[in-house]
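Worksheet: the structure to be examined is printed underneath.
Bear in mind that the values in this text are calculations on the coordinates, not laboratory data. Note that the structure is predicted; figures quoted are calculated from it, not measured. Positions of Cβ are backbone-derived with ideal geometry, glycine not excepted, and every protein chain shown enters the neighbour counts.
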Amino acid sequence: MSRRAVPAGRRILEQNIKARYRAGNIGTEDALHLFDELLPVARPSSVPAINCLLIVVGRDCPALAVSLFNRIARTKVAPQNITYGILVDCCCLAGRLDLGFAAMGHIIKMGFAAGSVISFSHLLRAVCAEKKTSYGMDIVLRIMPELNCTPDVYSYSILFKGLCNEKRSQEALELIHVMVEHGGSCQPNLVSYSTVIDGLLKEGEVGKAYSLFCEMVHRGISPDIVTYNSIISGMCKVHAMDKAEKVLQQMFDREILPDTTTYTSLIHGYYSSGQCKEVERVFEHMSINGVQPNMITYNIQMDYLCKSGRCAEARKIFDSMVSLGQKPSVTTYSILLHGYAMEKSFHDMHCLIDLMVENGISPDHYVYNILISACPKEEMFGEVMHIFTKMRQQGLNPNVANYGAVINLLSSAGKMDDAMCQFNQMITEGLAPDIVIFNTLISGFCTCGKWEKVHELFSEMLNRGIYPDIVSFTILMDRLCKSGRVIEAQDMFDLMVRIGVKPNIHTYGTLMHGYFFVRKVDEVRKLLGNMLSTGLKPDVFTYTILIDGYFKNGMIDDASAVFTEMLEKKVEPSVITYRTMLYGLLNSGRTVAATKLYLRMIDSGIHVDIAAYNIILRGLCKNNCVDGALRMFQHLSSTNYPLEVGTYNIMISVLVKGGRKEEATDLFDDMLAKGLVPDAVMYSLIKKGVV
């Protein structure tokens with residue numbers, strides 16, 4: 001009787017385990033007890049039930065599942081291929097990739113390799129998670145085929161994810177094309193395409209991502225809402241709003257309704273590209289389609305308004321959110337606080353923080369840093385003390401970042417004694433100053449010319465085990481160069497290299513600027529050669545320094561040659577580069593070249609700011625092209641370009657000198673009509689009675 005009862009009991013136990021596993025109601029503890037109950041009576045037919053228990057234990061305790069497998073190996077029950085696959089997965093999840101490979105080796109020895117695509121997938125996931133995707137590619141493209149194990153689309157998808165995580169989306173793109181060209185049953189699916197598209201977008205390859213998206217659609221693979229949102233978000237980030245709208249229309253054509261994420265991406269794209277009217281249209285479409293804005297949508301809208309100086313409108317949105325039952329987050333409050341800070345609305349900032357507290361949201365250190373950074377300079381010290389008191393009353397002690405903000409504020413205002421008081425206070429409170437605070441103080445004392453304090457801070461920094469970083473050295477070199485102490489700056493540069501701090505493009509630029517300042521152009525060229533030999537390539541910052549330096553040393557052709565080289569190397573000039581070129585050319589009498597450059601600046605799409613126009617107007621006047629300057633000025637005025645008092649000063653002064661007093665008076669009246677207040681230069685002209 002007993003010999004027949006055991007098999008019957010075992011079968012019931014096995015059926016019970018499999019039924020509970022399918023129902024999903026076996027916990028780890030239950031699985032362990034059931035395993036202990038089943039193993040002593042297990043037979044080859046028990047393996048499926050054992051596999052269920054191993055999977056349950058492996059989810060929470062992969063290392064424990066491996067030990068259970070070892071117990072199975074000591075019985076007469078032979079594990080199946082699936083069992084070994086579970087073992088490989090558990091070894092990888094336990095962080096023992098070496099044991100995973102050992103288990104895989106056992107699978108190969110037993111002749112299970114051809115049907116072990118799932119086991120290989122477990123290994124691939126672990127290999128790619130350790131940033132070893134190149135080895136993963138070798139497994140899929142060489143090892144698996146050699147073992148007659150055909151990789152499936154899931155194997156490739158793991159590789160795509162690994163490559164994209166390692167910022168190698170171009171290789172993922174090439175691999176997906178290899179899959180397509182190879183043909184066969186293993187073709188990329190929606191997950192494959194979506195993964196690579198997302199990787200390309202994250203690396204800024206928006207054009208390639210869009211092309212791959214179109215290729216996917218052309219091959220008959222229908223994107224889901226996630227893929228659509230991903231591609232629309234990518235298009236919006238680079239302001240390719242026409243393409244984003246095409247993709248949106250395709251969604252409608254395929255009867256896939258946009259969600260809040262879709263519309264939020266469009267709103268962000270239109271705001272950041274300055275197309276505010278389009279934002280209103282998007283909001284209307286949201287309303288028509290019954291899609292409600294979420295907190296992120298409101299935050300984007302408020303952020304744009306605040307940065308545009310329209311805090312009152314942002315506050316209306318904030319209040320409407322609250323009235324609709326939305327609970328603003330710390331981020332929402334921070335956006336509005338930043339807006340008030342830009343407008344110097346200190347009272348509104350305090351009121352908003354009080355509102356946060358009333359609504360049960362505790363302001364964090366970041367919020368208080370916004371408040372600190374907005375302190376009026378004339379009342380700075382008292383306000384900071386008030387803020388710190390307020391923080392402590394709410395159970396929040398100022399941290400290193402808060403003290404850093406205060407020290408930065410005081411240092412930028414030249415109040416170095418007060419900055420040092422705060423530095424000492426934070427140490428008294430047990431806070432350790434970081435490299436950022438030391439750099440701030442060093443910069444402040446350099447500006448004041450108190451080099452002995454700089455040396456003291458350097459010594460204290462080293463005593464605390466904090467070593468100067470690239471910022472520390474660049475600050476010191478910059479101040480030394482501006483004081484004409486370029487040899488000392490070079491010594492500092494050499495010391496930096498000796499102790500293993502690698503100079504960056506800004507460090508080289510700082511020293512080049514110093515050598516130009518003392519008219520040692522040959523040293524600049526040597527330094528540039530040194531920089532190129534390290535693999536660093538000149539950027540817009542470097543090129544602008546070179547152009548400025550050559551102009552100031554009377555080397556006009558060299559400056560022009562550098563600008564030409566810049567364009568050939570596809571380095572886009574900034575507005576500062578254009579200003580530097582315009583000033584240099586006009587100052588050297590090359591008005592024709594300056595005019596061509598101005599036209600190129602407009603064609604390139606760079607906004608010509610008022611500083612650039614002032615340079616051009618002053619340069620034209622200096623080169624006796626007063627009528628040309630006047631025509632440009634009148635064109636700007638007629639198009640409502642925001643002119644400043646300095647612009648009027650340039651034109652009025654030159655007209656007065658040329659005896660054209662009536663025209664000068666007309667310009668003065670026009671300036672007053674536009675609400676501009678005369679400055680000291682203009683008042684001197686008024687006093688002389690010339691206007």
**OP:** Per residue of the range 205-216, in order, report the coupling 6.51 cos²θ - 1.76 cosθ + 1.60 (Karplus, θ = phi - 60°) as ³J(HN,Hα) in whole Hz, putting x for Gly and Pro.
**Re:** 8, 5, x, 5, 4, 5, 5, 5, 4, 5, 4, 4
Subject >> Taking only Cα atoms of the range 609-691, radius of gyration then Dmax in Å >> reply: 11.7, 32
Original post:
Hey, what do the phi angles of the range 344-355 turn into as Karplus ³J(HN,Hα) couplings, whole Hz, using 6.51/-1.76/1.60 and θ = phi - 60°, x for Gly and Pro?
Top reply: 6, 8, 5, 4, 4, 5, 4, 5, 5, 5, 4, 5
Subject >> For the range 45-90, fraction of C-alpha pairs farther apart than 12 Å, in % >> reply: 54 percent
Subject >> Inter-label distance, nm, simple model (7 Å from Cα along the C-beta direction), residue 495/residue 73 >> reply: 6.0 nm
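Hey, which of these cross-link pairs are over 30 Å Cα-Cα: 208/570; 109/132; 237/277; 237/390; 237/569; 208/502?
Details: 208/570 20 Å; 109/132 25 Å; 237/277 18 Å; 237/390 39 Å; 237/569 25 Å; 208/502 34 Å.
Violating the 30 Å Cα-Cα cut-off are 237/390; 208/502.
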Subject >> Anchor residue 246: aspartates and glutamates whose Cα lies under 20 Å away (excluding residues fewer than 8 positions away in-chain) >> reply: 198, 205, 215, 224, 255, 259, 278, 280, 284
Subject >> Nearest-ten-degree value, helix 591-603 long axis tilted from longest Cα axis of the chain >> reply: 30 degrees
Original post:
Which whole-angstrom value gives the distance between the alpha carbon centres of the range 125-163 and the range 288-328?
Top reply: 46 Å
**OP:** Report the full-extension gain for the segment residue 466 to residue 679: residue separation times 0.36 nm, less the Cα-Cα distance, to one decimal in nm.
**Re:** 71.9 nm
Subject >> Part-to-part distance (alpha-carbon centres) for the range 336-355 and the range 591-665, which is given in Å >> reply: 39 Å
Subject >> Cross-link partners of residue 622 among lysines (Cα-Cα below 16 Å; sequence separation of 8 or more within a chain) >> reply: 657
Subject >> Qualifying trypsin sites (Lys or Arg not before Pro) in the range 465-527, DSSP loop, other Cβ atoms within 10 Å at most 14 >> reply: 519
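Rounded to the nearest 500, what is the chain's calculated 222 nm mean residue ellipticity when only DSSP H runs of at least 4 contribute -39500 (n - 2.57) each, over all residues? Can you show the working numbers first?
Values: 39 runs with 501 residues, N = 691.
Value at 222 nm, helices only, nearest 500: -23000 deg cm²/dmol.
If you filter the range 175-236 for GluC sites (Glu not before Pro), then keep DSSP loop positions with at most 15 other Cβ within 10 Å, what is left?
Here the GluC sites (Glu not before Pro) that fit, given the DSSP loop and packing criteria, are 203.
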Subject >> Extended-chain gain in nm, criterion 0.36 nm per residue less alpha-carbon gap, residue 181 and residue 602 >> reply: 147.0 nm
Original post:
Shape call for the range 11-89 from the C-alpha gyration tensor, a ≥ b ≥ c root eigenvalues: rounded (a/c under 1.5), prolate (a/b greater than b/c) or oblate?
Top reply: rounded
**OP:** Please give every one of the lysines within straight-line cross-link reach of residue 316, meaning a C-alpha to C-alpha distance under 18 Å, and leave out same-chain neighbours fewer than 8 residues apart.
**Re:** 307, 327
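Where nothing but the Cβ of Lys and Arg (+1) and of Asp and Glu (-1) is charged, how large is the charge dipole of the chain around its Cα centre, in debye to the nearest 20? Don't skip to the end; give the middle numbers.
Details: 69 positive and 71 negative charges, 307 e Å.
Magnitude of the dipole: close to 1480 debye.
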Subject >> Whole-Hz couplings from phi, Karplus 6.51/-1.76/1.60, listed for the range 288-305; x for Gly and Pro >> reply: 4, 8, x, 9, 8, x, 9, 4, 5, 4, 4, 4, 4, 4, 5, 4, 4, 5
Original post:
Pairing the Cα long axis of helix 626-638 with the longest principal axis of the chain, what angle in degrees results, from 0 to 90 and rounded to the nearest 10?
Top reply: 50 degrees
**OP:** Sticking with the crude label model, points 7 Å out along Cα→Cβ, report the distance from residue 385 to residue 669 in nm, one decimal please.
**Re:** 5.5 nm
Subject >> Degrees, to the nearest 10: 486-498 long Cα axis against longest axis of the chain >> reply: 10 degrees
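If you scale each eigenvalue of the Cα gyration tensor by 5 and take the root, what three semi-axes come out for the chain, rounded to whole angstrom and sorted largest first? Intermediate values should be presented prior to the final figure.
Working: eigenvalues 795, 210, 197 Å².
Value: 63, 32, 31 Å, ordered largest first.
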